[in-house]
1. If you take the residues in segment B:80-95 that are among the aliphatic types (A, V, I, L, M) and out of contact with any Lys or Arg (no Cβ under 8 Å at 6 or more places or on another chain), which one is surrounded by the most Cβ atoms within 10 Å (Cβ to Cβ)?
2. Within segment A:87-122, which residues are of a type in the set (D, E) and touching a helix residue (DSSP H, G or I) at 6+ places or on another chain (Cβ under 8 Å)?
3. I'd like to verify a number: residues in segment A:45-58 that are within 13 Å of DNA strand C (Cβ to nearest atom) and either surrounded by fewer than 19 Cβ atoms within 10 Å (Cβ to Cβ) or within 14 Å of chain B (Cβ to nearest Cβ) (or both), how many?
4. Could you list, in sequence order, the residues of segment B:159-182 that are assigned to a loop (DSSP other than H, G, I, E, B), surrounded by fewer than 16 Cβ atoms within 10 Å (Cβ to Cβ) and touching a residue at least 40 places away in the same chain (Cβ under 8 Å)?
5. Just to be sure, is A:E74 surrounded by fewer than 18 Cβ atoms within 10 Å (Cβ to Cβ), under 30 Å from A:R89 (Cα atoms), modelled with pLDDT of 95 or more and out of contact with any helix residue (DSSP H, G or I) (no Cβ under 8 Å at 6 or more places or on another chain)?
6. What pairs can you find where one residue is in segment A:131-158 and over 16 Å from A:H97 (Cα atoms), the other is open to solvent by 40 Å² or more (accessible area, probe 1.4 Å) and among the charged types (D, E, K, R), and their Cβ atoms are less than 7 Å apart, with a gap of 6+ or different chains?
There are 2 protein chains.
Amino acid sequence: MPRRKSEPGLEPNRRAELLRAAAKLFVDKGFAATTTRDIAEAVGMRSGSPFYHFRSKQELLKAAMIEGLDAGRERLLAAIDGVADPEQRLRVLVRTHLGTLLEGDCRSPLLVSETRALDDKARGEIAAAFDRYQVPWQQALDELAAAGKLASAAPPVRLLLFGMLNWSSHWYRPDGTLSVDELAEAAVALLLRQPPQGTKR
Amino acid sequence: MPRRKSEPGLEPNRRAELLRAAAKLFVDKGFAATTTRDIAEAVGMRSGSPFYHFRSKQELLKAAMIEGLDAGRERLLAAIDGVADPEQRLRVLVRTHLGTLLEGDCRSPLLVSETRALDDKARGEIAAAFDRYQVPWQQALDELAAAGKLASAAPPVRLLLFGMLNWSSHWYRPDGTLSVDELAEAAVALLLRQPPQGTKR
DNA sequence: CCTACCGATCGGTAGG
DNA sequence: CCTACCGATCGGTAGG
């Protein structure tokens, strides 16, 4: 529980701190159940101060989602850089995505359901960020289909895949017997027609 | 917008009406963003009256979840009654589940994420209802694995399957080009090793 | 970014 | 199940 004072707006990462704290609280408690006071307290501010950085609680959610998604996208792109084999690339995408979801601080993809609190304009901007996030996925799926390793690469396949992965946040327990690596492998094995070499080694 | 008066507690389905309205609102707006006044208004009561039927807003959520899950389970059991072939049975389970999720009034499985608002005891009771719901699924998966139509029937497979299905509520649009039947078929095709005859007919 | 504050809303209750 | 209501909380703002 940090509790420091600082000069007006001269610390450029207080905004980022607010976003990180907000994202975490929104994921854990939900948007409506999180108060702006919770967020302020998490970064050692007074109740009114978040509104110096963001116009409204909704703005905070919107920014947390978009910047979180774009950060996740950077992580994806860095991870698949130079990975030519589409099967291996998919594996890396899945593992990286699960890392963001289950191990990260800032599990933004999980906030989709909270966008119902936003207006159409904000929802549109978030949808655009999601589209950006999905590009490398669709590309890998298309290549896999072209190589005959996937029966179809139609959009529902990508969405069903995201469903498998994202829903795991509801049941996955880090202290259980299933590692994130194994979970990633299980998801990939379900997707690909012929079970990859690493299924059960 | 119903608006009737009635005698104290003598209409036995007012409780059920409250539950149905609550479930719908909780799914659409989330637990925290739904007020007990919203729920009261949806069934034509005054703001204080839901508390004649339920001790608290949390009780309402708990009851809506458990009774909704058990109703969904009845629907599942009725649908697979007499279906001996496990592949066909899985198909029926998937289609029925998607019906509950995407076409029903009372899409209780979607409320999992809202259980964070409840205490451990209530969460335990809901987890038990979920376990009951999953029994016929695990049974079908086991039979499919035994018949060699599924690489594995370990628990993650069932959970990944539920993920595919449940997450669809975030993106599926009834007015789009994809019918619920097609979505069900796509999910089953992803799961089973050899694409079933009906993939693209 | 803090202090001090407002107006609105909300879950819940007493008493009938 | 309604009326009338309370105490607490919350998003947001003025003014510095």
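The values are calculated or read from the model by the stated rules, or taken from the named source; none is laboratory data. Please read all numbers here as calculations on a predicted model, not as lab measurements. Positions of Cβ are generated from backbone atoms using ideal geometry, with glycine treated the same way; all protein chains shown enter the neighbour counts. To get the accessible areas, we keep the full protein, side chains included, count just its heavy atoms, and leave off ligands, DNA and RNA. Shrake-Rupley method; radii C 1.70, N 1.55, O 1.52, S 1.80 Å.
1. Within segment B:80-95, the match that is surrounded by the most Cβ atoms within 10 Å (Cβ to Cβ) is B:L90.
2. Hits for segment A:87-122 are A:E87, A:E103, A:D105, A:E114, A:D119.
3. Going through segment A:45-58 one residue at a time, the tally reaches 9.
4. B:P174
5. Values: surrounded by fewer than 18 Cβ atoms within 10 Å (Cβ to Cβ): yes; under 30 Å from A:R89 (Cα atoms): yes; modelled with pLDDT of 95 or more: yes; out of contact with any helix residue (DSSP H, G or I) (no Cβ under 8 Å at 6 or more places or on another chain): yes.
So A:E74 passes the test.
6. Final answer for the pair search is A:K149/A:R193; A:L150/A:R193; A:A151/A:R193; A:A153/A:D142.
To keep it simple, each residue is scored yes or no on (1) away from chain A (no Cβ under 12 Å); (2) more than 30 Å from A:L25 (Cβ to Cβ).
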| position | (1), (2) |
| --- | --- |
| B:T96 | yes, yes |
| B:D119 | yes, no |
| B:G124 | yes, no |
| B:D142 | yes, yes |
| B:A186 | no, yes |
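Table: residues versus (1) more than 10 Å from DNA strand D (Cβ to nearest atom); (2) more than 30 Å from A:L191 (Cα to Cα); (3) away from every other protein chain (no Cβ under 14 Å).
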{"position": "A:L60", "(1), (2), (3)": "no, yes, yes"}
{"position": "A:E67", "(1), (2), (3)": "yes, no, yes"}
{"position": "A:L77", "(1), (2), (3)": "yes, no, yes"}
{"position": "A:G99", "(1), (2), (3)": "yes, no, yes"}
{"position": "A:G104", "(1), (2), (3)": "yes, no, yes"}
{"position": "A:S113", "(1), (2), (3)": "yes, no, no"}
